[in-house]
There are 2 protein chains.
Amino acid sequence: MPADYEIFDLGDFGLQRGATIRGCKLAYKTFGTLNAAKDNVVVYPTWYSGQHYDNEWLIGPGRALDPAHLFIIIPNMLGNGLSSSPSNTPEPYNAGRFPLVTACDNVRAQHRLVTELFGIERIRLVVGWSMGALQTFHWGALYPDMVERIAPFCGSAKCSRHNIVFLEGVKAALTADAVFADGWYTTKPARGLRAMARVYAGWGFSQAFYREQLDIKTLGYSSLEDFLVAFWEGFFLPKDPNNLLTMLWTWQNGDISDNELYDGDFAKALGAIKAKAYVMPGQTDLYFPPEDSAFEVAHMPDATLIPVPSIWGHFAGGPGTNPVDVDFIDGKLKELLAA
Amino acid sequence: MPADYEIFDLGDFGLQRGATIRGCKLAYKTFGTLNAAKDNVVVYPTWYSGQHYDNEWLIGPGRALDPAHLFIIIPNMLGNGLSSSPSNTPEPYNAGRFPLVTACDNVRAQHRLVTELFGIERIRLVVGWSMGALQTFHWGALYPDMVERIAPFCGSAKCSRHNIVFLEGVKAALTADAVFADGWYTTKPARGLRAMARVYAGWGFSQAFYREQLDIKTLGYSSLEDFLVAFWEGFFLPKDPNNLLTMLWTWQNGDISDNELYDGDFAKALGAIKAKAYVMPGQTDLYFPPEDSAFEVAHMPDATLIPVPSIWGHFAGGPGTNPVDVDFIDGKLKELLAA
């Protein structure tokens, strides 16, 4: 099967933390056609461990993200296995030596794709789930005059301390498996990946989701243990551990103000976002609680807080798991795009 | 230093799941004096990984649990390292072969201590935090005519599905360390214990606790990482892994109706609790959310729901970590004891 995506060559790409990825690759996929005015652009970054095809659930005829009239670009996050990653980078920056990549690095790479390759100067909307939301906020803060609208959902502009701790647990579970060998594994650390999956399982969906047995009654798994094995372990086992840890570091260190524009002043960075913003936390998201979104919205000049009324926790909406939430988010995106 | 506790010999103690612990030991400590009428008794079971001295913060002069007029018994949970446990049981039921113990087993053992050793027929109050609350509910359901009052806080009468999943993550992190060797470790699986601690860290305290930096500002740790190492890893590293897994299984399988009295009818078991009950969930507890307590209270004949207004998550009150919460719980216990 031929690859369904393109590669943009970033050349020698210097990173915030000092390393340079030589011959850095940014994988992306587009939907629809860029119009002559180049004013029908949507950028839709990927989420933790996701690849562009994991974003496609929100795109389609009749949806807000309709390729019939929009030009939608999905850039793959660095470290996700398609863009430059531990798993596909040649020595010496391969595997356990892949450099630290920030969300700011990611969005600057995406900006080069958008401007250099396509000559785009205005973006109608940046939208994303989870770490895609983190990148969405970065777009708003780093390129305030370029981005007209943002719609980050189930994510934040800065990784909260609690979220950092949650991820420490995920990381510790994976790396407790000695097969991981500090990233120099020769066989897959399956025990660590399964442990990581089980840790994640409690965080991904809400207490109410499990209480209502939606894993069985809606998603169709045959038991709670079946859900843990088939959904959660099945989700993480195929993924490369170093890639997962690269993206995890990106997540933990996500902060729209951690750059020379804002020098760590988070409120200032939020205040600089000119885009009209719909900030949509999941009402029951355990690691991106609505309270953090409320703080962000309060410091942004043109933002509206729209909690997704769902008991699906972090999976309220993404990645298309619950159709009711998908429709809710899609409806809000239509509203935002019409504004 | 001489032991500050006593041992009650249960003899050959048959367990719900079929095994028998021969020469089964129940470690306990008492405070105060049993009066002549034997009507001043409080039973106060221990929590996950805790031992009797970890319960003492709620006992003292001027407190609801005042040894000047109450006779307080703290029975140590089976598996906690003082009562019969993987770490102190001789072959062949030692270490990785220690049998499965339910909360029902624990409370039946405690009932024998209370009746056979002390000749007690009425209990004024059973109280406990977390897994201590689980045992407290069991006391109410198994001995409804004996227990006058119960005060379970930050716990439940039945382990919720989400709570089971949270514990699966904890267990997977510990056992991802190959040194654990299915319970037949010859050196401490420190990597697994540290991983388990980091997983637990995100669950133990609430998002708001971390947002407000109470780990630093109130508890006095020097950084978030210092809190993870000094508090959390320091908490789990000294504990025996098989003991931890024995108690974890007890927790996951906790259910007051899982016995011949109620045949799995949870509502019926709750309805059978005659004790006047103050059920006190932590308002921000991530694994014992107040919604589960509300269900329980709705099915109990004489129960009041009293959420602890705290952002300390599961540590609202226990184990004495936050003085404000301790005072709140102590005040409610005074009220309940006076009723």
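Data overview
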{"item": "So B:ALA195, is it assigned to a helix (DSSP H, G or I), at the interface with chain A (Cβ under 9 Å from one of its Cβ atoms), modelled with pLDDT of 95 or more and under 19 Å from B:PHE288 (Cβ atoms)", "result": "no"}
{"item": "In segment B:319-339, the residues that are without any contact (Cβ under 8 Å) to a residue 12 or more places away in the chain and farther than 29 Å from B:LYS217 by Cα", "result": "B:ALA338"}
{"item": "Boolean, A:GLY282 is buried (at least 24 other Cβ atoms within 10 Å of the Cβ) and assigned by TED's automatic domain parsing to the domain that holds A:ASP66", "result": "yes"}
{"item": "Qualifying residue in segment B:209-226 (condition: touching a residue at least 60 places away in the same chain (Cβ under 8 Å) and either facing chain A (nearest Cβ under 9 Å) or under 17 Å from B:GLY96 (Cβ atoms) (or both))", "result": "yes"}
{"item": "Residue selected from segment B:180-192 under the condition of a type in the set (D, E, K, R) and assigned to a helix (DSSP H, G or I), by the criterion farthest from the other protein chains (Cβ to nearest Cβ)", "result": "B:ASP182"}
{"item": "Residues of segment B:133-161 that turn out to be part of a helix (DSSP H, G or I) and surrounded by fewer than 24 Cβ atoms within 10 Å (Cβ to Cβ), as a count", "result": "2"}
{"item": "Residue in segment B:241-262 that is free of Cβ contacts under 8 Å to residues at least 60 places away in the same chain and either of a type in the set (Lys, Arg) or away from chain A (no Cβ under 14 Å) (or both) present", "result": "yes"}
{"item": "Of all residues in segment B:274-295 being among the small types (Gly, Ala, Ser) and closer than 15 Å to B:ALA339 by Cβ, the one that is nearest to the other protein chains (Cβ to nearest Cβ)", "result": "B:ALA277"}
{"item": "Test: residue in segment B:184-206 that is at positive phi and buried (at least 24 other Cβ atoms within 10 Å of the Cβ)", "result": "no"}
{"item": "Subset of segment A:317-339 that is in contact with a Phe, Trp or Tyr (Cβ under 8 Å, 6 or more places away or on another chain) and in a loop (DSSP other than H, G, I, E, B) - its residue that is modelled with the lowest pLDDT", "result": "A:GLY317"}
{"item": "Filtered residues of segment A:176-206 (kept if touching a residue at least 60 places away in the same chain (Cβ under 8 Å) and polar (S, T, N, Q))", "result": "A:SER206"}
{"item": "Sole exception among (1) of a type in the set (Asp, Glu); (2) within 8 Å of chain A (Cβ to nearest Cβ); (3) surrounded by fewer than 18 Cβ atoms within 10 Å (Cβ to Cβ) for B:ASP177, by number", "result": "(3)"}
{"item": "Any hit, segment B:308-319, residues being in the same structural domain as B:MET131 (by TED's automatic domain parsing) and over 18 Å from B:GLY155 (Cβ atoms)", "result": "yes"}
{"item": "Residues satisfying the stated conditions in segment B:85-132, i.e. crowded, with 22+ Cβ neighbours inside 10 Å, of a type in the set (Phe, Trp, Tyr) and assigned to a loop (DSSP other than H, G, I, E, B)", "result": "B:PHE98"}
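The values are calculated or read from the model by the stated rules, or taken from the named source; none is laboratory data. As the structure is a computational prediction, the values presented were derived from the model and not from experiment. In this analysis, Cβ positions are derived from the backbone assuming ideal geometry, glycine residues included, and neighbour counts consider all displayed protein chains.
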